Ligand SMILES: [Fe+2]
């Protein structure tokens, strides 16, 4: 039996009408940081949850079809990464939580593009700080990293279904609409095996390789307007919470940001990672960060985050982003507010 999602979709009709009135040619869903399964330490189960079913993230994804069915101009879903519960001490469960949410996204009837998040390789768990407030979290009992690490090629298989390349960054064009979407990989580090047979991997780092930077410089050369999507915002300046250590927090981030500014066609940079709604005008680009898709820890990654309650509309947060002329409308489904950004390029 299909789960009753009316606790979410009952709130969607008014928003859908609002989007119809905007009547923008380019519309897509932006959904980020679902952390599917992390709510198992936090979520009082809904009355119709099965014993092993904590996943509000899956409900959110399933509920998107309600919107897709009513908005024929929705082009795609963009998922900003941090997909599953990498904190789980059973590697198989951690991996399943990632595969499960991607499978749910791929059930939707429009394409799903994904950026890889810093949690998706499953090696970021040594920092359990955000979980200490979870009453049921039993702490760090994970086995050796070699048992749970997901390599870039694993993530390619799991979450790059609509990526036409072999790598984990790519672009797609909306030819008739004059837009190019670039999907970056901000976890673009060396993964491999050292001389002692031990895995080599980054821990809690974000960055892009020089190779990706070069690729970006070539890919941005188009007569189309460009929107850059990434898991982590490329630049931290003016973004909240400032938990990322100033402006040079991302490896090659400044180089990339300068290339984005210099290209006269990059109009917006859309990201997740901070679990907070930011709208920052920086140079010639508007940067838009979106709240985490799931109210893990009731959304309280920061005291300034809005209150969220499982089993209500506030358990979720994602936007339908509609672009018309020089205006970017972010219509919020779930906790938080609608936002309007301006394209400030001449
Ligand atoms: Fe996240």
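Of all beta bridges that DSSP places with both ends in region 6-342, some 55 percent have antiparallel geometry.
For the peptides 234-241, 198-205, the ranking by packing is 234-241, 198-205, with the highest mean count of neighbouring Cβ atoms within 10 Å listed first.
Two decimals is fine: what's Rg over Rh for region 287-346, C-alpha atoms, Kirkwood radius as Rh? The partial results should precede the final answer.
Working: Rg = 13.3 Å, Rh = 12.5 Å.
In region 287-346, Rg relative to Rh is 1.07.
Modelled spin labels at residue 203 and residue 255, positioned 7 Å past Cα toward Cβ, are 2.5 nm from each other.
For the peptides 209-216, 261-268, what is the packing order when you average, over each peptide's residues, the other Cβ atoms within 10 Å and list the highest mean first?
Highest-to-lowest ranking by the protection proxy: 261-268, 209-216.
Evaluate Rg over Rh across region 136-216, taking Cα atoms for both radii and Kirkwood's formula for Rh. Provide the component values of the computation, followed by the final result.
Values: Rg = 16.5 Å, Rh = 15.3 Å.
Taking Rh as the inverse mean 1/r over Cα pairs, Rg/Rh reads 1.08.
When the helices of the chain are scored as -39500 (n - 2.57) per DSSP H run of n ≥ 4 and the total is divided over every residue, the value at 222 nm lands at -6500 deg cm²/dmol. With an 8 Å cut-off on Cα pairs and a minimum separation of 6 or more residues, tell me the relative contact order of region 6-342 in percent. Dividing the mean separation by the residue count of region 6-342 yields 20 percent. Taking N as the residue count of region 6-342, its C-alpha radius of gyration divided by 2.2 N^0.38 Å amounts to 0.94.
Whole angstrom only: what separates the Cα centroid of region 6-45 from the Cα centroid of region 261-340? Going from one Cα centre to the other spans 12 Å.
Which order do 19, 101, 149 fall in if you start with the one that has the fewest other Cβ atoms within 10 Å?
Working: 19 20, 101 28, 149 16.
By the 10 Å Cβ count, ascending, the order reads 149, 19, 101.
Treating r as the C-beta distance of residue 195 and residue 166 and R0 as 30 Å, the FRET efficiency rounds to 0.65.
So if the hydrodynamic radius of region 174-226 is defined as the Kirkwood radius over C-alpha pairs, what does Stokes-Einstein give as its diffusion coefficient at 37 °C and 0.692 mPa s, in µm² per second?
On the way: Rh = 13.5 Å.
Using the Kirkwood radius from Cα pairs, D works out to 243 µm²/s.
Read-outs throughout are calculated quantities, based only on the coordinates presented, and are distinct from any laboratory measurement. Keep in mind it's a predicted model, so treat the numbers as computed, not measured. When we count neighbours, we look across all protein chains shown, and the Cβ atoms used for this are built from the backbone with ideal geometry, even at glycine.
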